[in-house]
Amino acid sequence: MTIEQNLAQLQQYIQQATQHDQRPASTVTLLAVSKTKPVEDIYQAYQAGQTAFGENYVQEGVEKIQYFAQKNIPLEWHFIGPLQSNKTKLVAEHFDWMQTLDRKKIADRLNEQRPHDKKPLNVLIQINISDEDSKSGIHPNEMLELAKQIQNLPHLCLRGLMAIPAPTDDLATQEQAFTQMNVLFKQLKQALPDAQIDTLSMGMTDDMASAIKCGSTMVRIGTAIFGVRDYSK
């Protein structure tokens, strides 16, 4: 199947999933995860109507952003990987969204380094919802403190939460993690009623059905659009 066919199939899938929960399909954004994929694949996705792309590696992402900017192709770029403090400047200068914010130090650096002629950088707080030692993200109990700190940074705009639960084929376990995230999302909205909290980024190719069922507003899909990644290159 082509990238265009894959995207059409995914949009249909999202429509069916949201209909089942009596939500408009427009309440779920499809983020195409394009890490390790060539610009030709991204351009094919763009031609099929996809405009939001997610990158995990800073340098690779910046190169792609610059490539499409030179061609005057308006895409929205999300950084979705772990971010070291020595790479914050590149993310602050080039990306539209930063989804994996889990430390005040990183928030402060992004705020200082965001160009003043650009809109505030949209950010999501990453929650380590499965409490995995190997995963980035903060403990749920730390969410509100970090959120209030971000609120004081004028060049960042807090938009919500993001999570990567531990992979499992057990639907009940998937839904438990996603339901917990939705509870936190509602708590965040309630705690910051004047903020633009509208994004709950959760769900990937293998678990997006559970994520949508539990209130996800953004699914991050790579393999089902672009095919399996080849990390040997």
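The values are calculated or read from the model by the stated rules, or taken from the named source; none is laboratory data. These figures come from a predicted structure and were not determined experimentally. Note that we place each Cβ from the backbone using ideal geometry, even for glycine, and neighbour counts take in every protein chain shown. These area figures cover heavy atoms from the full protein model, side chains too; ligands, DNA and RNA do not enter into them. Shrake-Rupley method; radii C 1.70, N 1.55, O 1.52, S 1.80 Å.
A compact table of results
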read-out	value
Qualifying positions in the range 98-127 - assigned to a loop (DSSP other than H, G, I, E, B), open to solvent by less than 40 Å² (accessible area, probe 1.4 Å) and in contact (Cβ under 8 Å) with a residue 24 or more places away in the chain	102, 114
Residue that is over 24 Å from residue 222 (Cα atoms) and without any contact (Cβ under 8 Å) to a residue 12 or more places away in the chain, where the choices are 196, 149, 190	190
The range 165-208 - residue that is of a type in the set (Val, Ile, Thr) and modelled with pLDDT under 95 and, of those, farthest from residue 128 (Cα to Cα)	205
Criterion (within 16 Å of the chain's Cα centre (by Cα) and either open to solvent by 60 Å² or more (accessible area, probe 1.4 Å) or closer than 17 Å to residue 146 by Cα (or both)) met by exactly one of 181, 202, 218	181
Filter result for residue 66 (open to solvent by 30 Å² or more (accessible area, probe 1.4 Å), more than 24 Å from residue 208 (Cβ to Cβ) and touching a residue at least 12 places away in the same chain (Cβ under 8 Å))	yes
Matching residues, the range 48-63, being crowded, with 20+ Cβ neighbours inside 10 Å, out of contact with any helix residue (DSSP H, G or I) (no Cβ under 8 Å at 6 or more places or on another chain) and aromatic (Phe, Trp, Tyr)	none
The range 17-38, subset modelled with pLDDT of 95 or more and closer than 16 Å to residue 76 by Cβ, residue nearest to the chain's Cα centre (by Cα)	31
Qualifying positions in the range 140-174 - open to solvent by 50 Å² or more (accessible area, probe 1.4 Å) and either in contact with a strand residue (DSSP E or B) (Cβ under 8 Å, 6 or more places away or on another chain) or not in a loop (DSSP other than H, G, I, E, B) (or both)	141, 142, 144, 145, 148, 149, 151, 171, 172, 173
Breaking point among (1) assigned to a helix (DSSP H, G or I); (2) among the small types (Gly, Ala, Ser); (3) open to solvent by 20 Å² or more (accessible area, probe 1.4 Å), for residue 45	(3)
Number of the exception - residue 81 against (1) over 14 Å from residue 201 (Cβ atoms); (2) open to solvent by less than 20 Å² (accessible area, probe 1.4 Å)	(1)
